[in-house]
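Q: Quick one: this structure, given as structure tokens, is what I'll be asking you about.
The values are calculated or read from the model by the stated rules, or taken from the named source; none is laboratory data. None of the values given here were measured: they were computed from a predicted structure. Glycine also receives a Cβ, built like all others from the backbone with ideal geometry; neighbour counts cover every protein chain displayed. For the accessible areas, the whole protein counts, side chains as well, though only heavy atoms, and no ligand, DNA or RNA atoms are used. Shrake-Rupley method; radii C 1.70, N 1.55, O 1.52, S 1.80 Å.
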Amino acid sequence: MKTRILLCMAVSLMLTLFSCHKTEKVWVYDLKVESLVNPLGLEQKQPRLSWKLHSEERGVHQQAYRIIVSSSEEKLKENVGDLWDSGRIPSSETVLIPYEGALLSDRQFCYWKVRIETNLGEVVSSERAFWSMGLETSDWQAKWIGLESIEAEGEDRKMNFVPENEDELRLKSETRLRARYLRKEIKLGKDVKSAMLYISGLGLYEAYLNGHKIGDQVLAPTPTDYSKTVPYNTFDVTSYLNKGENIIGVILGNGRFFSMRIPWFRTFGLPQLLSQLEVTYKDDTKDTFVSDESWKLTLDGPLGVNNEFDGEEYDARKEMEGWSTNDFDDAAWYSVELVNAPEGKLQAQENPNIKVMEHIKPLSVHKLDDDKYIIDMGQNMVGWITLKVRGKRGDKVTLRYAELLKEDGHLYLDNLRGAKVTDTYILKGDEEETWEPKFVFHGFRYVEVSGFPGVPTVDHFEGRVVYDEMKTTGTFETSNAIINRIYQNACWGIKGNYRGMPTDCPQRDERMGWLGDRTTGAYGESYIYDNQKLYAKWLKDIEDSQLANGALPDVAPNYWEMYTNDVTWPAAYFTVADMLYKQYGDVRPIIRHYDSFKAFIQFIRDNYLKDDIVIHDTFGDWCMPPESMEMIHSQDPSRKTSGELLSTAYYYRLLVLMQKFASLSGNDKDIAYYRESGDRILKAFNRKFYNASTGYYSNNTVTANLLALMNGMAPDSVRQVVFEHVVDKTLNEFKGHVSTGLIGIQWLMRGLSDYGQPELAYKIATNKTYPSWGYMIENDATTIWELWNGNTADPAMNSANHVMLLGDLIIWYYEYLAGIRNEAASTGFKKIEMKPLLVGDLTYVNASYQSIRGEIRSHWRREGTTFIWDIAIPANTTASVYLPEAVGKEIKEGNKELNDIKSITGVRTDGNWVIIDLESGEYSFTVKQNRMLN
Ligand code: RAM
């Protein structure tokens, strides 16, 4: 049998990945979250099931499937679908198929498999997989517990946490809370069959059973606006428990619940815990153990003050051996207090947890003149380092983190603004001690070590690279070293800014989920990382922060309550939903958020639309290359693009998207409205911004002209002349360099290529002189900078790890250079278009993308006049393959003529392309000068 099935429990969007101490992965479905219409409506409990086909044969299709969902493994084995047996469904669909079985109850375990029939006559069964259902609100018996007071480090003062006056505010701004350690004994009278732990610790928690940490996630749960949504995690903890006495221990950190010192940063409350352990004994009786007033708590553990910006303090002398085992006396601990539940709704965390995803060794450790050492990780990374040390009791090692060094070799901290980025470790003075922080992370390449007993070497430290647990789906490499390096930098920047939300940066006192940075970025990123669940979660964060009047925020989750009411930043809400549909074939986010989209469109219309022009904009074409190398923002009116043009063009774009969304969500009645609004805006836009005598838009910036072209706003008759201005400006005024900021860059590479200037796009992609991505690399960047002039600009806003200036570059790498993309009308890569861009001095591109339907591969190379292209198309998909410069040349697949190949179903030409319709499989094409013609 040649066909295999990989079950992807991409049961999608509403399922939470379980603890991973078991070899199998378990998914949890939250009954409440995944409703399409009514979030509480039980009728909407519809997980979705996906699988991938893999075959070594060509031209394989699925002709039918049968899904079986059972309430036990035994039943599944016997093919008894007591929950759901779909029966034979003649269909080629494999992605996000809604469960249509019996109404699923809370905590229900669902075991499933699928059997498919292929066109080759095979019948293939998948392995079994399973998911389980979450808790309903009424299932929670646990109480929220904590301590309603602040105990500041070293001082004996208590205060209510809500700052009520200036003094208290100042106190908050000086206070980092110590970690809270909580414990509780649990007596199990019988042998355990299974046990589940449902837990939420705000801001961050680590849970232990009998001394063992539960799960390998860090910084859990992932961040939300706790006044709207409170995430809980679920773990299968069967293997941690024994008959008799067991101890559950939890450490609570501040996270973003008791937030950072900055006055405008929302604080939700003091750290608090909700924990519910449900045990089923072998005799099928059950017990539930919940957090309540009987738990004990101490602030006097080794983990002291902690927060994301300032760092974490750990005093190993205070370690309480066995604190989370039953071999410990907690008489000196406080009794916990019952505290109010956070305002938000408890929901199973659907997006992946954050994990230590990679380990890296430092490049070097060297001594500074003043007894400090600098560790160079060789890479601007996000996470922390582990410390291995041996010394006297009470020795204190201090670690500070920075992205850059000053000329004198010391840390450059200016661009971190208020973040103190300092971790300290006080030795207990035993043998060798190892330590790493729990409730902080840093964005850094360099670490300053002081107070280290002895001489530190690279062997004393290891980098922990921390980001959301998600698959790397893309590989990309070319013959051009600078492109490869930029790609690597981009990967480091993207993953480093995934922490349960896509942040702007990981190092300074900001780290916010800025919407505008991802409007197009999220789409490019989806080629490299499986970011589906992260972005689906982020859309909910955005929805959580929408105001009653329809306004959308600039940052989500809503830690800053920032509403500038621009169109350009909130546009990400729409474009990310569109991305999920296009790249993953998932229409649910569009349906779920449709009303919120609609409300925002209306909000702008009611407040900022005047004569069909959106008259409001704050950020402009953010961070375009300014006129002087020291500036952050250009002040030169000829370089800046009109805010009205930006917001009107983006508003138009949203109206076009709304027509599509209305149709996809069954709101066809709205389509005409959005079309008419769009038409009016289109007219007003051209009337106001197009200058017929010059042939350009507004003040002729590249961004202004590109937006008109790429959003389909420039009338056909003027497109060419408008584009000529883009080229002219780029070549003559900016000497073949980028001239845009965050907005224009979202269109630049595709715009230049689509309108016939791919060579100019290639030049921009490979420039090493300012301003360019290559210039960053020439100046030692190992990530992407916030500013084109990041090496010389004011540190007030100058991060060395921002992804917003990537614009559409990653899309261009995959869809253009490698030539892997959805066909225009396809979603989720059911119908693939393979169309590589042979440009510049590129001699090869090797790329692959693990799509939701399987791996798509494009490896091409030029050898003299011969073009060789190895491609792979996943089973159950088809592709249109564009062979470049192939007309009139000899084309072979393997050593056969195209006509002799069964899985090639059509051949035609377009210009110099030879286009082939291809069935799934692996192919190797060669295109060469036909000797007869020579
Ligand atoms: C900066 C952020 C972000 C940008 C906003 C407008 O402070 O870092 O990248 O979107 O400003």
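Q: Between Met631 and Glu676, what is the label-point separation in nm under the 7 Å Cα-to-beta-carbon projection?
A: Output for this residue pair reads 4.4 nm.
Q: Here is a further query. Within 10 Å of each candidate Cβ there may be at most 10 other Cβ atoms; applying that plus a DSSP loop requirement, which trypsin sites (Lys or Arg not before Pro) in the stretch 392-461 survive?
A: Working: sites: Lys392, Arg393, Lys396, Arg400, Lys406, Arg417, Lys420, Lys428, Lys438, Arg445; in loops: Lys392, Arg393, Lys406, Arg417, Lys420, Lys428, Lys438.
Passing sites in the stretch 392-461 are Lys392.
Q: Once the Cα atoms of helix 571-584 and of the chain are each reduced to a long axis, what angle between those two axes, in degrees from 0 to 90 to the nearest 10, is obtained?
A: So the helix axis and the longest Cα principal axis differ by about 80 degrees.
Q: Further question: Rounded if a/c is under 1.5, else prolate if a/b is larger than b/c, else oblate: which is the stretch 628-689, with a ≥ b ≥ c the root eigenvalues of its Cα gyration tensor?
A: Oblate.
Q: Expressed as a whole number of Å, what is the distance separating the alpha-carbon centroids of the stretch 498-577 and the stretch 448-478?
A: For the stretch 448-478 versus the stretch 498-577, the Cα centre distance is 27 Å.
Q: Give the Rg/Rh ratio for the stretch 417-543, taking Rg as the radius of gyration of the Cα atoms and Rh as the Kirkwood radius, to two decimals.
A: Working: Rg = 18.0 Å, Rh = 17.4 Å.
In the stretch 417-543, Rg relative to Rh is 1.04.
Q: Can you list the residues of the stretch 189-210 with backbone N under 15 Å from a point 7 Å past the Cα of Glu148, pointing along Cα to Cβ?
A: Counting only backbone N, you get no residues.
Q: What do you get for chymotrypsin sites (Phe, Trp or Tyr not before Pro) in the stretch 668-758 restricted to DSSP loop and a cutoff of at most 16 other Cβ within 10 Å of the site's Cβ?
A: Phe734
Q: Return the FRET efficiency for the residue pair Leu363, Ala796: r is the Cβ-Cβ distance, R0 is 22 Å, and the value is rounded to the nearest 0.05.
A: Approximately 0.15, to the nearest 0.05.
Q: Residues with beta-carbon under 14 Å from that of Tyr608, excluding Tyr608: net charge, scoring Lys, Arg +1 and Asp, Glu -1?
A: -4
Q: At 1.4 Å probe size, with the rest of the protein present, what percent of the exposed accessible area of the chain is carbon and sulfur atoms?
A: 47 percent
Q: Further question: Quick one: helix 532-544 against the long Cα principal axis of the chain, what's the angle to the nearest 10°, folded into 0 to 90?
A: 70 degrees
Q: Hey, what angle do you get for helix 643-664 against the long axis of the chain, alpha-carbon based, 0 to 90 degrees rounded to 10?
A: The answer is roughly 90 degrees.
Q: Another question, then. Once a ≥ b ≥ c are taken as the square roots of the eigenvalues of the Cα gyration tensor of the stretch 857-934, is the result rounded (a/c under 1.5), prolate (a/b larger than b/c) or oblate (a/b not larger than b/c)?
A: Cα axes put the stretch 857-934 in the prolate bin.
Q: What Kirkwood hydrodynamic radius, in Å, does the chain give when the mean of 1/r is taken over all pairs of distinct Cα atoms and then inverted?
A: After inverting the mean inverse Cα-Cα distance, the result is 29.6 Å.
Q: Between Asp606 and Asp85, what FRET efficiency follows from the Cβ-Cβ distance if R0 is 60 Å, with the result rounded to 0.05? Mind showing how you got there, number by number?
A: On the way: r = 51 Å, r/R0 = 0.85.
Efficiency, rounded to the nearest 0.05: 0.75.
Q: Would you give the gap between the C-alpha center of the stretch 217-275 and the C-alpha center of the stretch 852-924, rounded to a whole Å?
A: 52 Å
Q: To one decimal place, what Kirkwood hydrodynamic radius in Å is obtained for the stretch 64-157 from all pairs of distinct Cα atoms?
A: Numbers: mean 1/r = 0.0608 Å⁻¹.
It works out to 16.5 Å.
Q: Write down the accessible area per residue of the chain in Å², having rolled a 1.4 Å probe over the full set of protein chains.
A: Working: 33450 Å² over 934 residues.
Here the residues of the chain average 36 Å² of exposed surface.
Q: Also: Could you check the simple spin-label distance between Lys831 and Asp414, using points 7 Å along Cα→Cβ, in nm with one decimal?
A: Between Lys831 and Asp414, the simple spin-label model gives 5.6 nm.
Q: List, in order, the whole-Hz ³J(HN,Hα) value for each residue of the stretch 900-913 obtained from phi through the Karplus relation with A = 6.51, B = -1.76, C = 1.60 and θ = phi - 60°; use x for Gly and Pro.
A: 8, 10, 5, 7, 9, 9, x, 10, 8, 10, 8, x, 9, 8
Q: Decide, for the stretch 819-860, between rounded, prolate and oblate: order the square roots of the alpha carbon gyration tensor eigenvalues as a ≥ b ≥ c, take rounded if a/c falls under 1.5, and otherwise choose prolate if a/b is larger than b/c, else oblate. Kindly include the intermediate steps, with their values, before the conclusion.
A: On the way: a/c = 4.20, a/b = 1.78, b/c = 2.36.
Cα axes put the stretch 819-860 in the oblate bin.
Q: For a label point 7 angstrom out from the Cα of Glu245 toward its Cβ, which stretches of the stretch 323-367 have the backbone nitrogen within less than 17 Å?
A: 323-333
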